Structure formats: structure tokens, C-alpha cells
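Structure record follows, encoded as C-alpha cells.
The values are calculated or read from the model by the stated rules, or taken from the named source; none is laboratory data. Worth saying up front: this structure is predicted, and the values here are computed from it rather than measured. Positions of Cβ are backbone-derived with ideal geometry, glycine not excepted, and every protein chain shown enters the neighbour counts. Surface accessibility is based on the protein's heavy atoms, side chains included, excluding ligands, DNA and RNA. Shrake-Rupley method; radii C 1.70, N 1.55, O 1.52, S 1.80 Å.
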There are 2 protein chains.
Amino acid sequence: MTGEHSSKQYDMDLEAIRSKVLLMGGLVESHFHDAMACFRSGNAEQAEAVIQSDLEVNRLEVALDDMCSHLIVKRQPAANDLRTVMATGKVITDLERIGDESTKIARIAKESAHGRRGLPIFSEYETVRVLASSVADMLHASLDAFARLDQEKAVKLIAQDAIIDNDFRSIMRNLITYMMEDPSTISSSLNTLWVAKAIERIGDHAKNIAEHTIYIVEGKDIRHSDYVAARQEQQ
Amino acid sequence: MTGEHSSKQYDMDLEAIRSKVLLMGGLVESHFHDAMACFRSGNAEQAEAVIQSDLEVNRLEVALDDMCSHLIVKRQPAANDLRTVMATGKVITDLERIGDESTKIARIAKESAHGRRGLPIFSEYETVRVLASSVADMLHASLDAFARLDQEKAVKLIAQDAIIDNDFRSIMRNLITYMMEDPSTISSSLNTLWVAKAIERIGDHAKNIAEHTIYIVEGKDIRHSDYVAARQEQQ
């Protein structure tokens, strides 16, 4: 039943979905970048624009889920191909969540813009700058690995998430010290902490995208397994 | 091609998946309950047991995803039926995330158990008790709505999430006041804040389950839409 014609149609449909996922990925990347720029500048209007632009990400999620369902119903893919479609669906969910986290950052930027009186006591943005930059790189690399189905790159990325988590915890300890030394920084420190948390979560989602990529390439569900540790020992 | 026989098989397979999802739901509910009990008692050993029990939730997620894929490949459901399977897959993801949040609560309980010297200055557990109880009710109701495909109940639940979000923000404001008045409470207040955040997220996932349920019943993707607001105006 699944002749050459049907299989070609499947490939074309899948390619259309993959292109659109990468488009969504690019949008989500620039969304994150813009949210961080707002947190640095404290520009409330720009922050509102970032919040609004999340609607486009949400629309893409719904449209892409629909495309995946149509592909399955129309092309009735075999087990191997279905695995790819299902994992692509999970990438879509992760991208939408990254959009949500960027929106949170933009919201905090907007609120803290209202609260600012003169210069901040310590620079909130500087506290999370390096973390944000590492996570932006990680997100870009995860989309790249998904685009090229580059398994090696995906494996390396998963290991990177542990470094991000460590950096987040170190930021948290520093912020607690600030707050204890000067309780008047509590409000702004908490804002910074929520931003750091959102960035760290974006790192988690980038890791998920890398895991889905490995699943597509290898057909192994490596979530919740010691697969990555085993792979790294081999290297 | 899809005769009565095949359709019956589909129904049976789907029912097996639904039963197992509800089993996973029950596990996740008691997991959340136990994590909160640890946060109240400060029992580090119990907390470790909760953390370990998340492995079972993760195993169920992988097994259920697999069952969904098999169902699609073997029974090749039509568009309507496929929608149900896909939405059920999303419920599974939300349940796994709820497990993650409970694990976070258990981790904080374990860490703060080590840090306790005598009685706490204010009771961390009391601060989040009502929020935890509302969210536990919401989670239970969302699983019930999913089990009975009860659309009315699901619509009500979605509205409830806004109340949870409000309660969370009010807890956050109170904690900031505590911290400012007495900086020695900063560490324990932050722990409480992370717990409150995890509870609030469990509420988000319960809302998602309600949305997936409506999607199964009505075939409408109401994520990111004003559907609920419109429904409530009608009532």
C-alpha cells in the first residue's frame, strides 16, 4: 500500500513540517534575545512588543500540531516514520515553552522598568548575562542539531545542561548573599532570580530538543536513561 | 479497510491506554501529596523515597508513549480518533511534568531538613498549605474530567487556574515582606517560594489536562484562545 508515490508524499509533507519547525525555532531564538535586551534596557514598550510576539509562536504551535496530525492520517506512516513525526511534535511543544519563558522575562523587564528609581544597586542584567549567553548558544546548537539530524552534537548538548544548572545555582547563592547584606535589594534580586530561572528552563528545553533529535536518529528513547553517560564514557 | 473488527480493536487498545494514564495520574497525585507531607515534616528519608518514586512515573511515560505509537501504526485511526490519541499523549507529558514538580518539592524538603535548627521562624508549610490543597483538588478534578470526558467540569477548571495564580502572587508578596522585615528568613523564605512555584506549576499542568479533555470531546484546540472566556459569558 505504501508505494513509492505515497512515501515521496510523506517525505515532502515531513520536510514542510521540519522547515516550519525551524522557522518557529528562529522566531523563538530572537524572542529570547529580545526579552534579554529588554531586561538590560528596562524599556517597557519593547517588553510589551516581545509579550505580544508570543502570540505568533502560539499560532505556529497549533498550526504545526495540525500539520503533524494530517500527515499521520493521510500518509499512515510505518513505525519508523511515525517515530519521527511524534518526536517532531515534542520539539514543537518545547519551542512553545521556550516562548513562554521568554515572555516571563519580558514581563519582569516591564514590571521592573516601572519600579526603577535611578541606577540599580547592582546590575541585574550583569548577574545573568553569561548564563543567558550560554543558554542562547545551547538553544541555537540544539536547533542546528535538529536541522542536520546531528547526533554527536545533540549528545554533547545534553551534557552541557549540567553546567547550566550549576551556573544557575551559583547565581542563586550570590543573590541570597546580596539580599542578606542589603535587604533593600530583595525585590530586585528576586526579579533577577526569576529571570535566571526562566533562562535555566530554556536550557532544559534545549536539552529536550537534543534528546528528541537523538530519538529521531537512533530510534532510542533516551529520556530518563543513562544513555548519555554511557556514550560519554565510550568517548 | 477499517471494519468493525479493526474499530473494536482500536477501542480496546485506547481503553488500555486510558486506564494506564489514569493509573499514572493516581501515582502522580499521591506523589504530590507525599512531597507536601515531607515539606511539612522535614523528614529527609521520606523525601528521598518520593524522589526515587519519580522513576516509576518516568517509566510509565515512556511505556505509554510507546503504546500510543503502536496504536497509531497498528490501527491507523481516522482523523477523529487520532485526535484523541494525540491529546492523550499530551496528558501523559503533563503528568510526567507534575511528577517533576513534586520531585522538586521533595528535594527542597530534603535540603531544608538538613538546614533546620530547632523551630522555624515562621512555618514554611503553613504559608503554602491552602495553595497546595486547592491545587491537589484541581489536579484530582482534572483527572476526573479526563476519565469521564466531562467537558463542563473541564471548562470550570480552566477558570480556576487564574485563582491559583492570584494566590501564588499573594504568597510571594507576603514572603518578600517577611524577608525585608527579617533578613535571617531569606533562605527559608526562598525555599518556600520555590515550593509555592512548583505547586503553581502543577496547577498549570492540571489546567492543560482540562484543555486536552475539551479538545478530545469537542475537537477544538482551545489552547491560546478565548474559548473559555466565551463559554463563561454564555453561562
Subject >> Relative contact order for chain B, counting Cα pairs under 8 Å that sit 6 or more residues apart, in percent >> reply: 26
**OP:** Any chance you could give the angle, 0 to 90 degrees and rounded to 10, that helix B:4-41 forms with the longest Cα principal axis of chain B?
**Re:** 0
Original post:
If we hang a label 7 Å off Cα along the beta carbon direction at A:Ala16, how far is it from the matching labels on the other copies, in nm, shortest first?
Top reply: 3.4
**OP:** Roll a 1.4 angstrom probe over the protein heavy atoms and tell me the percent of accessible area of the protein assembly as shown that is carbon or sulfur.
**Re:** 51
Original post:
Arranged from highest to lowest average of other beta-carbon atoms within 10 Å per residue, in what order do the peptides B:58-65, B:165-172, B:187-194 appear?
Top reply: B:187-194, B:58-65, B:165-172
Subject >> Shape category assigned to the range B:4-234 from the gyration tensor of Cα positions, a/c cut at 1.5 >> reply: oblate
**OP:** Could you point to the residue in A:Ile186, A:Gln9, A:Leu23 farthest towards the positive end of the range A:4-234's charge dipole, with +1 and -1 charges on the Cβ of Lys/Arg and Asp/Glu respectively?
**Re:** A:Ile186
Original post:
If only Cα atoms are counted, what is the Rg of the range B:13-85, and what is its Dmax, in Å?
Top reply: 16.4, 51
Original post:
In peptide B:52-59, how many Cβ atoms from other protein chains are near each Cβ within 10 Å, on average?
Top reply: 1
**OP:** Pop a pseudo-label 7 angstrom from the Cα along the beta-carbon direction at both A:Glu181 and B:Glu56 and give the gap in nm to one decimal.
**Re:** 4.7
**OP:** With 22 Å as the limit, write out which pairs from A:Lys197/B:Lys104; B:Lys153/B:Lys197; A:Lys104/B:Lys197; A:Lys197/B:Lys197; A:Lys110/B:Lys104; A:Lys104/B:Lys207 have Cα-Cα distances beyond it, or answer none.
**Re:** B:Lys153/B:Lys197; A:Lys110/B:Lys104
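Within 10 Å of each Cβ in A:184-190, how many Cβ atoms from other chains are there, averaged over the peptide?
3
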Original post:
Could you give, in nm with one decimal, how far B:Met180 is from each other copy of that position, shortest first, with labels 7 Å out from Cα toward Cβ?
Top reply: 2.2
Subject >> Helix-only CD estimate at 222 nm, as mean residue ellipticity for the protein assembly as shown, using -39500 (n - 2.57) per DSSP H run (n ≥ 4) >> reply: -31500 deg cm²/dmol
Original post:
Using the alpha-carbon atoms, what tilt in degrees (0 to 90, nearest 10) does helix B:186-218 show relative to the longest principal axis of chain B?
Top reply: 10
**OP:** Go through the range A:123-139 residue by residue and turn each phi into a ³J(HN,Hα) via Karplus (6.51, -1.76, 1.60, θ = phi - 60°); whole Hz please, and just put x for glycine and proline.
**Re:** 7, 4, 4, 4, 4, 10, 4, 5, 4, 4, 5, 4, 5, 4, 4, 5, 4
Subject >> Chains A and B together, accessible area buried on both sides, 1.4 angstrom probe, square angstrom >> reply: 3200
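For the range A:36-168, rounded, prolate or oblate, judged on the Cα gyration tensor with a ≥ b ≥ c (square roots of eigenvalues), a/c < 1.5 rounded, else prolate if a/b > b/c?
Working: a/c = 4.15, a/b = 1.72, b/c = 2.42.
Oblate.
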**OP:** Work out the mean other chain Cβ neighbour count within 10 Å for the residues of B:93-103 and drop it here as an integer.
**Re:** 1
Original post:
In nm, one decimal, shortest first: how far is the label point of A:Ala44 (7 Å from Cα along Cα to beta carbon) from the matching points in the other copies?
Top reply: 4.7
Subject >> Distance (nanometres) between label positions extended 7 Å along Cα→Cβ at A:Ala79 and B:Ser6 >> reply: 1.9
